[in-house]
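Novice: Once you've had a glance at the structure underneath, I'll fire off some questions.
The values are calculated or read from the model by the stated rules, or taken from the named source; none is laboratory data. Predicted model only: the values in this text are computed from it and were never measured. Backbone-built Cβ (ideal geometry, glycine too); neighbour counts: all protein chains shown. Just so you know, the surface numbers come from the protein's heavy atoms only, side chains and all, with ligands and any DNA or RNA stripped out. Shrake-Rupley method; radii C 1.70, N 1.55, O 1.52, S 1.80 Å.
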Amino acid sequence: MVARLRGGVALSVNGLAADLNVSDETIRRELRILEEQGAIIREHGGARLAAPVYEGPLVQRMEEHADAKLRIARAAAEFVPDGAILFIDSGTTSCYVARQLVDRRSLTVITNSLQVANDLGSINNNRLFLAAGQMDPDYRAFSDHTAQAYVAGFTPHLAILSVGAISLDRGLMDYHPGEAAMSRIAYATSEKVLLGADSSKFGRYGLMHTAALTDVDLLVTEAPLDEEFARAFDHAEVVIA
């Protein structure tokens, strides 16, 4: 059904039912589910596809939900001891976590983020490994094939990751192809994954899949999960900051 709506115009319930050879009630039921997931916008007698969320430049995104990200970062930092080997991605929540680690000592930090490198490199006897390649100026980060190949060579104790969207049926998603690929590498190579995600990320759709909900070992968020998401993350340690 979503494919029928990708033309950008609203379609009627009757039209969708005839096109898909199902009843009007079946269409209405499916539209209710898609609306709850944020994939469509219901209109009188029909529906249209929701506009995709655009992630702006890093400075702009750092200001969004800043209080929640700071709370998450403070709680997440408690899981990082001196001497840890970390991968930290370039998401804004991860950048907030990095700022909470400036008092840790002897960290080994692998990152593709210039912001993280600036905050944690050359202090407290830390070692920094910065992925390179072509920089994305909006993210102030490297996530092309060169950067991905570099990061894939490490086996961190803990990956501290952000996420663009979290869906019950689609799992974890992102909006940037390179960042999504970098997340997949981190999930595959890290001993444990800490996902920092504020409540605005839940129930949203992103552009591309990065991992399953079951791939998360530790979830840090700032608000209690609703019943469905609580069940979906019952395998993980969940911290409400």
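Novice: Label 7 Å along Cα→Cβ of residue 189; the stretch 145-181 residues with amide nitrogen under 17 Å?
Specialist: 145-162, 178-181
Novice: Over the Cα atoms of the stretch 162-216, Rg to Rh with Kirkwood Rh, two decimal places?
Specialist: 0.92
Novice: Okay, moving on. For a quick check of understanding: with a 1.4 angstrom probe and all protein chains in place, what accessible area in square angstrom does residue 69 have, to the nearest ten?
Specialist: 10
Novice: Can you give me the pair-distance distribution of the stretch 60-145, C-alpha pairs, 5 Å bins, whole percents?
Specialist: Bin by bin from 0 Å, the calculated values are 3, 16, 26, 25, 17, 11, 2.
Novice: I want the antiparallel fraction of DSSP beta bridges within the stretch 172-241, as a percent rounded to 5.
Specialist: Around 30 percent antiparallel, to the nearest 5.
Novice: Taking 0.36 nm per residue of sequence separation and subtracting the Cα-Cα distance, how much length would be gained by fully extending the chain between residue 22 and residue 79, in nm to one decimal?
Specialist: Using 0.36 nm per residue and subtracting the Cα-Cα distance, I get 15.4 nm.
Novice: What is the spin-label model distance, in nm, from residue 212 to residue 134 if the labels are put 7 Å beyond Cα along the C-beta direction?
Specialist: Roughly 3.4 nm, to one decimal.
Novice: While we're here: Leaving ligands, DNA and RNA out of it, work out the accessible area of residue 208 with a 1.4 Å probe and give it in Å² to the nearest 10.
Specialist: 50
Novice: I would also like to ask the following. What does the net charge come to around residue 126 if you take all other residues with beta carbon closer than 13 Å to its beta carbon, with K and R at +1 and D and E at -1?
Specialist: 0
Novice: Quick one: net charge around residue 84, please, counting Lys, Arg +1 and Asp, Glu -1 for every other residue with C-beta under 14 Å from its C-beta.
Specialist: In short, 0.
Novice: What nm distance separates the two modelled labels at residue 106 and residue 200, each placed 7 Å from Cα along Cα→Cβ?
Specialist: 3.9
Novice: Continuing with this model, one more query. Need one number for the stretch 118-241: average projected area of the convex hull over its C-alpha atoms, nm².
Specialist: About 8.1 nm², averaged over all directions.
Novice: Multiply the residue gap between residue 124 and residue 235 by 0.36 nm, knock off their C-alpha separation, and tell me the result in nm, one decimal place.
Specialist: Here the answer is 36.5 nm.
Novice: Still on this structure, I have one more. Over the stretch 119-241, what is the mean sequence separation of C-alpha contacts under 8 Å (at least six apart), divided by residue count, expressed as relative contact order in percent?
Specialist: RCO, the stretch 119-241: 21 percent.
Novice: How much solvent-accessible surface does residue 184 expose, in Å² to the nearest 10, with a 1.4 Å probe and all protein chains in place?
Specialist: 100
Novice: Hey, another quick one. Largest first, what is the accessible-area ranking of 176, 209, 145 with a 1.4 Å probe?
Specialist: 145, 209, 176
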